[in-house]
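Peer 1: Let me begin by handing over the structure; questions about it come next.
The values are calculated or read from the model by the stated rules, or taken from the named source; none is laboratory data. Just so it is clear, the model here is predicted, and its values are computed rather than measured. Because the Cβ atoms are built from the backbone with ideal geometry, glycine has one as well, and the counts that use them run over all protein chains shown. Side chains are part of the model used for accessible areas, which takes the heavy atoms of the whole protein and leaves out ligands, DNA and RNA. Shrake-Rupley method; radii C 1.70, N 1.55, O 1.52, S 1.80 Å.
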Amino acid sequence: IWMVDLGKKSTVNGVVILTWQGTGQDKITPYTDYVHNLDKLSVYVSDKPKLNSTGLSNEQKCGAITRMNTALFNPRLHFDCGDPQDGRFVYVKATGVPNRWKKHFTVVLCEVMVY
């Protein structure tokens, strides 16, 4: 879970995330191998700091992007809240693919823009 403190309660309409799309340190491993076990990224808006996965389940979800149609693997991810949401903290939660033996994945968030 990644979190940003906006400094004060703000209205959030959406979030745009730019992800890293390069190769690994070995110069061979592509980005898709790093996120192979990643199933979904979800964005939440809250007034509460330092929430864990359990705490986020009771908070406002702005939106989610899944691996369906490879949407999750795009270099630019746009989360539209639908209805504006008020809060001071914005969270990005990564969820792994269920029922997979290997649960490791990496997500590199290069830039997160809240509007």
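Peer 1: When the Kirkwood radius is taken over all Cα pairs of the chain, what Stokes-Einstein diffusion coefficient follows at 20 °C and 1.002 mPa s, in µm²/s?
Peer 2: Roughly 145 µm²/s, to the nearest whole number.
Peer 1: Roughly speaking, to the nearest percent, how much of the chain's 1.4 Å accessible area is carbon and sulfur?
Peer 2: Answer for the chain: carbon and sulfur cover 50 percent of the accessible area.
Peer 1: While we're here: Do the sum for the chain: with -39,500 (n - 2.57) for every DSSP H run of n ≥ 4, divided by all residues, what is the mean residue ellipticity at 222 nm, to the nearest 500 deg cm²/dmol?
Peer 2: The helix-only estimate for the chain comes to -1000 deg cm²/dmol at 222 nm.
Peer 1: As an exercise, find the ratio Rg/Rh for the range 68-107 from alpha-carbon atoms, using the Kirkwood inverse-distance average for Rh.
Peer 2: Rg/Rh for the range 68-107 comes to 1.03.
Peer 1: If you don't mind, there's one more thing I want to ask. Taking the Cβ of Cys62 as the center, what net charge do the other residues with Cβ under 12 Å away carry, scoring Lys and Arg +1 and Asp and Glu -1?
Peer 2: Here the count lands on -2.
Peer 1: Another one. Might you tell me the accessible area per residue for the chain, computed with a 1.4 Å probe and given in Å²?
Peer 2: About 60 Å² of surface per residue is accessible.
Peer 1: Right, another one. Got a number for the accessible area of Cys62? Probe 1.4 Å, square angstrom, nearest 10.
Peer 2: 10
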